[in-house]
Structure formats: C-alpha cells, structure tokens
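The values are calculated or read from the model by the stated rules, or taken from the named source; none is laboratory data. Just so you know, these numbers come straight off a predicted model, no measurement behind them. Glycine also receives a Cβ, built like all others from the backbone with ideal geometry; neighbour counts cover every protein chain displayed. What goes into the accessible areas is simple: the full protein's heavy atoms, side chains included, and nothing from ligands, DNA or RNA. Shrake-Rupley method; radii C 1.70, N 1.55, O 1.52, S 1.80 Å.
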Amino acid sequence: LLAVYTLLPLMLALLELGAPALAMRYKLQPRGKRLSPAGFLRCYTDTPRFLLPLAAPVQLLSYPAVKMLGIRMGLPLPSAGEMAAQLLMYLLVEDYLSYWVHRLMHTKWCYDNIHHVHHEYTAPNGFVAPYMHWTEVLILTVPTVVGPVIAPCHMITFGIWFVIVAISAIETHCG
C-alpha cells in the first residue's frame, strides 16, 4: 500500500507539474488551485504524522481480525471468477457506505473535530487521499471491510481489495 500511495500520486503530480497545460485541461477544480512542488512534498511527508501512530496497533490486530473475519489463507486459491464477483460486491458496498460516511464527516461536529484535517489542502492531489486524522482512518476502515465481512474471501483477494481501495482513493482525490 505504501508503494501505491507513493508511486501513483507521484506520477499524477509529475504530470501536473511537468505538463500543466495538458493536465490542467482535465482538472476539475478552478485553475488557481495548484500545489507547488514543495506543496506536494509537504503533503506526502505530513501524511505519516497521521498514519504512523496507527501502524503498530493495526499490525498487532490485523492477524486476529483477519482470522475473525473468516479470511482464508491456505489452498486452494480463489478462481478468477470468484475474485471478480467478490471484488465487485465489495466495491458496491464500499462505495455506498463511503458516501454516507463522507456525508457524516461533513456534519459540523465531525468536520470541526476530525475531517478538517483532510481538507487542509484545497488543491486536490493524489497525495491527499490518505492525509487525514487518525480517527477518520479508523472510521473509513468500516466501509472498506464490510464487504469482506459479508462475503469472506481469500487473503489474496483481500490484499487486492485494499490496493483497489487505495487506487480509487487516489483517483478520487487527484482532481
């Protein structure tokens, strides 16, 4: 996930910085909202400040949680059809629930106390996808794992699912 959250936004940032005329034609925000190279770097380096305090507890709890969810780890490996069906269902569930969680994050209390961190950067960019308060990270984990709770999968499918969620978040935030 670190590679995905680093390399994909980096490619998008380089496109925006290196070919602004080409990139800006397709950007959704007003032309005045752009990050400098230092702004991209600051966003990328600030993100661990929110995520690293969660890393150790999440690592310690991940194995018991995966076992509790019923995620398979052994053979046989899932078929392509099984993986595709599960990932499609996970995507639909996660998209629906994330919409409502995001609406909740924009209520006055949640915005003032949690979600405002995510909006510190007003120019959309891929690096801002994981840039959020640690509480929001935990809250947004719920829509991501509901699909696998409903229909447990193999660990390979579970890993692919988290990469898809990361790519989707980056794409959503790149503007």
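Would you confirm whether or not segment 13-28 contains a residue that is more than 18 Å from His173 (Cβ to Cβ), open to solvent by 80 Å² or more (accessible area, probe 1.4 Å), in contact (Cβ under 8 Å) with a residue 60 or more places away in the chain and not in a helix (DSSP H, G or I)? No, because not a single residue in segment 13-28 is more than 18 Å from His173 (Cβ to Cβ), open to solvent by 80 Å² or more (accessible area, probe 1.4 Å), in contact (Cβ under 8 Å) with a residue 60 or more places away in the chain and not in a helix (DSSP H, G or I).
Matching residues to (1) open to solvent by 40 Å² or more (accessible area, probe 1.4 Å); (2) among the aromatic types (Phe, Trp, Tyr); (3) modelled with pLDDT of 95 or more:
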{"site": "Ala84", "(1), (2), (3)": "yes, no, yes"}
{"site": "Cys110", "(1), (2), (3)": "no, no, yes"}
{"site": "His118", "(1), (2), (3)": "no, no, no"}
{"site": "Gly126", "(1), (2), (3)": "no, no, no"}
{"site": "Pro130", "(1), (2), (3)": "no, no, no"}
{"site": "Glu171", "(1), (2), (3)": "yes, no, no"}
{"site": "Cys174", "(1), (2), (3)": "no, no, no"}
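Within the option set Leu77, Leu8, being in a loop (DSSP other than H, G, I, E, B), modelled with pLDDT of 80 or more and aliphatic (A, V, I, L, M) holds for one residue only, Leu77. Being of a type in the set (S, T, N, Q), assigned to a helix (DSSP H, G or I) and either without any contact (Cβ under 8 Å) to a residue 12 or more places away in the chain or at positive phi (or both), is that true of even one residue in segment 138-150? Scanning segment 138-150, I find at least one residue that is of a type in the set (S, T, N, Q), assigned to a helix (DSSP H, G or I) and either without any contact (Cβ under 8 Å) to a residue 12 or more places away in the chain or at positive phi (or both), so the answer is yes. Being in contact with a strand residue (DSSP E or B) (Cβ under 8 Å, 6 or more places away or on another chain) and farther than 20 Å from Val146 by Cα is a property that holds for Leu77.
Residues in segment 96-108 that are open to solvent by 40 Å² or more (accessible area, probe 1.4 Å) and in contact with a helix residue (DSSP H, G or I) (Cβ under 7 Å, 6 or more places away or on another chain): Leu97, Leu104, His106.
In the set (1) among the hydrophobic types (A, V, I, L, M, F, W, C); (2) modelled with pLDDT under 95; (3) in a helix (DSSP H, G or I); (4) under 16 Å from Val165 (Cβ atoms), Met68 fails one condition alone, (4). Within the set Pro64, Pro76, Pro57, the sole residue that is open to solvent by 80 Å² or more (accessible area, probe 1.4 Å) and out of contact with any Ser or Thr (no Cβ under 8 Å at 6 or more places or on another chain) turns out to be Pro76.
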